[in-house]
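The values are calculated or read from the model by the stated rules, or taken from the named source; none is laboratory data. The structure displayed is predicted, hence computed values, not measured ones. Heads up, the Cβs are rebuilt from the backbone with ideal geometry, glycines too, and the neighbour counts pull from every protein chain shown.
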Amino acid sequence: MISIIGSGRVGTAIAFLCISNSLDDVLLVNRTKTKAIGEALDISNAIPEKSNVSIRGTDDFSKISDSDIVVVTASTGIYLKNRTEIMDTQILMIKEIAKQIKKHCPSAIILIVSNPLDVLTYIFQKETQLSRNKVIGIASSLDSSRFRYLLSEKFNVKQSQITDAIVLGEHGDSMVPLFSRVKINQKNILELITEEEEKIISTEVQNYWKSLRLLKSRSQFGIAKHTFDVIKSIIKNNDLTIPASIVLNGEYGEKEVSMGIPVKINRQGIKEVLEIKLNESEKELLKISAQTIRNNIKLL
């Protein structure tokens, strides 16, 4: 069973994808019980005719006890300028959710989607003392898809013509797009772009959510699809290599912080942490990003 904590736009979009693809039974958990039940009633109409999956809504955490995967999408409010704006209340929320998950389904794999993503992933893992391989923050793969989209727009090519557009580090203002690895039709992008253009695109990737916020309130479908892909890889036990946030233990020279790095995911959760080659500028930017997240953790 897949339990989704939070029945807002993102949580329900993830639930819809899981149900319409007959991935597994889904339980929506929300502090407002009627909201969870209502969303479940709506999504239940997307169950394929010959499917055996089901979806239910509740405010009762004890019902997550059979969960193989728990996705945390809940939020205590809306941030407008920075993902850390509501950090204090989000920390209180994640600690309560961590307590409930550790009590009712401590063997589940946990996917954190709520913001500030990296801080919450770190706090959740430390609160529960679950294996770091089973507490995964989903965001850097979304940032990477935004990076790829912006490059496709700049160079007027299909996204499929762009490979290795990866973003590491914080899901926030210090995220690090890796230009050194990107290829367009097998040609290294550094041969096609200036340093000034790199800076402009990096800023556009970092501020992508702000553009969305101005146009449609907040993002929904992109993060839902990236989370669904991770859920599917776990349930089907198919290896998926993406950047995701995990508590680091010396990788990339960092400890006591959670941030986006390349990992391989399957039924075990994080099967392998991958260390890829970075140029000197990217190494320095990633170090700054790690320290930014660490500073936010120290503020708590």
Residue within the stretch 206-221 that is small (Gly, Ala, Ser) and either in contact with a Phe, Trp or Tyr (Cβ under 8 Å, 6 or more places away or on another chain) or closer than 17 Å to residue 68 by Cα (or both) present: yes
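Per-residue answers, yes or no, for (1) touching a helix residue (DSSP H, G or I) at 6+ places or on another chain (Cβ under 6 Å); (2) more than 22 Å from residue 14 (Cβ to Cβ); (3) crowded, with 18+ Cβ neighbours inside 10 Å:
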position	(1), (2), (3)
183	no, yes, no
210	no, yes, no
214	no, yes, no
218	no, no, no
230	no, no, yes
235	no, no, no
239	no, no, no
Condition met for residue 272 (over 25 Å from residue 2 (Cα atoms) and not polar (S, T, N, Q)): no
Failed item in (1) in contact (Cβ under 8 Å) with a residue 24 or more places away in the chain; (2) more than 25 Å from residue 116 (Cα to Cα); (3) surrounded by 18 or more Cβ atoms within 10 Å (Cβ to Cβ), with residue 202 passing the rest: (2)
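Yes/no per residue for (1) among the hydroxyl-bearing types (Ser, Thr, Tyr); (2) outside any loop (DSSP other than H, G, I, E, B); (3) in contact (Cβ under 8 Å) with a residue 40 or more places away in the chain:
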| site | (1), (2), (3) |
| --- | --- |
| 120 | no, yes, yes |
| 130 | no, no, no |
| 141 | yes, yes, yes |
| 150 | no, yes, yes |
| 190 | no, yes, no |
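Results for (1) under 21 Å from residue 146 (Cα atoms); (2) more than 18 Å from the chain's Cα centre (by Cα); (3) at pLDDT below 95; (4) of a type in the set (Asp, Glu), shown as yes or no for each residue.
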position	(1), (2), (3), (4)
194	yes, yes, yes, no
205	yes, no, no, no
211	yes, yes, yes, no
214	yes, yes, yes, no
217	yes, yes, yes, no
241	yes, no, no, no
254	no, yes, no, yes
266	no, no, no, no
276	yes, yes, no, no
Count of the stretch 173-188 residues which are at negative phi and either assigned to a loop (DSSP other than H, G, I, E, B) or among the polar types (S, T, N, Q) (or both): 7
